[in-house]
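As structure tokens, the structure follows; a few thoughts come after it.
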Amino acid sequence: MSDQETIPVEVAYATPQRQMILEVRVPAGSEARDAVMTSNIDRYFPDLDRENADLAIWGKVARPGQKLEPGDRVEILRPLIADPKEVRRRRAAEGKRMKKGGGEAETKTAGTNPGGN
């Protein structure tokens, strides 16, 4: 690299079968897409469209023009396979309750708490 200052960042991507975090150095003032392009992560995930994939920084959607800070983690987001609202509607139609965080909620009847509370 030239004399230009660089900063360390991570680029992360995961599929159900595999996950990877690559450490890269990018010029100070770089954006999330710059880090993804520098990482060449598509060598490990040939189906990944790194030029068009949605990106996040530490779990928050990356804003256009948002500059990276040293130590940031750029996450490449995969498209949803199911619309979460539609899944909730379907489960509600089936009479199933959901607990916060996903999964099915337990239904307890008064007097059935083994802890005595």
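Quick look at the numbers
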item	result
Residue within the range 16-35 that is polar (S, T, N, Q), on the phi < 0 side of the Ramachandran plot, in contact with a Phe, Trp or Tyr (Cβ under 8 Å, 6 or more places away or on another chain) and in contact (Cβ under 8 Å) with a residue 40 or more places away in the chain present	no
Only one of Val36, Val24 that is assigned to a strand (DSSP E or B) and surrounded by 14 or more Cβ atoms within 10 Å (Cβ to Cβ)	Val24
For Glu51: the one exception among (1) among the acidic types (Asp, Glu); (2) outside any helix (DSSP H, G or I); (3) surrounded by 14 or more Cβ atoms within 10 Å (Cβ to Cβ)	(3)
Counted residues, the range 26-51 - those being under 15 Å from the mean Cα position of the chain (by Cα) and farther than 14 Å from Val9 by Cα	2
Residue that is modelled with the lowest pLDDT, among those in the range 72-82 that are part of a loop (DSSP other than H, G, I, E, B) and surrounded by 10 or more Cβ atoms within 10 Å (Cβ to Cβ)	Arg78
Subset of the range 23-39 (residues that are under 15 Å from Ala62 (Cβ atoms) and of a type in the set (A, V, I, L, M))	Val26, Ala32, Ala35, Val36, Met37
Filter result (small (Gly, Ala, Ser), within 16 Å of Val11 (Cβ to Cβ) and assigned to a loop (DSSP other than H, G, I, E, B)) within the range 55-71	Gly59, Ala62, Gly71
Selection status of Gly59, among the small types (Gly, Ala, Ser), exposed (fewer than 14 other Cβ atoms within 10 Å of the Cβ) and within 15 Å of the chain's Cα centre (by Cα)	yes
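Yes/no per residue for (1) of a type outside the set (Lys, Arg); (2) at pLDDT 95 or above; (3) over 16 Å from Pro79 (Cα atoms):
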| position | (1), (2), (3) |
| --- | --- |
| Val24 | yes, yes, yes |
| Pro27 | yes, yes, yes |
| Glu31 | yes, yes, yes |
| Gly59 | yes, no, no |
| Gly65 | yes, no, yes |
| Glu69 | yes, yes, yes |
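The values are calculated or read from the model by the stated rules, or taken from the named source; none is laboratory data. Fair warning: this is a prediction, and the values are worked out from it, not measured in the lab. Neighbour counts run over all protein chains shown; Cβ positions are idealised from the backbone, glycine included.
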